[in-house]
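Please treat every number below as a calculation from the coordinates, not as lab data. This is a predicted model, so every value here is computed, not measured. With ideal geometry, Cβ positions are generated from the backbone for all residues, glycine too; neighbour counts draw on all protein chains shown.
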Amino acid sequence: MHELAITEYVFNLVKKQADANNVSHVDKIHLLIGDQCDYVPEIIEEYLKVMSEGTSLEGVKVDATVKESMISCKDCGNEFTRHQFDSTCPSCGSDNLKLKRCTDFIVKNIEVS
């Protein structure tokens, strides 16, 4: 449910840019979403369907890339994704690790027609 506020933000941002540039239709919105945001791209797209009825964004598609958080080893400097995590560094075996949370949420670009 927390996708509603971020979807409103995306809608307003993209609509403002489309209007300012006399765009007749926005076809696709490309997003970069950090895996720690817990946003579900499909829910954002569903909310956009409802919000965009009768606007230049009607029928817009969402293309979302999820960026994974990284873990760095404080001993050897190796960086790896959380999916490779098993409580120790895969390079040196150290458990002296730091999570670099990815909380990015970026509207990368939009496709228009």
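Some values worked out for this structure:
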quantity	calculated
Cα-based Lys proximity count in the chain, under 22 Å, for pairs eight or more positions apart or on separate chains	21
Projected area averaged over orientations for the chain, convex hull of C-alpha atoms, nm²	8.1
Cysteines, the chain, no other Cys beta-carbon under 4.7 Å	37, 102
Mean projection area, nm², convex hull over Cα of the stretch 63-113	4.3
Highest-MSF residue in the chain out of 94, 52, 24 [GNM, Cα springs under 10 Å]	94
Cα centroid separation, the stretch 82-113 to the stretch 1-80 (Å)	18
Residue-wise HN-Hα coupling along the stretch 34-43, computed from phi with Karplus coefficients 6.51, -1.76, 1.60 (Hz; x: Gly, Pro)	x, 5, 8, 6, 6, 8, 9, x, 5, 6
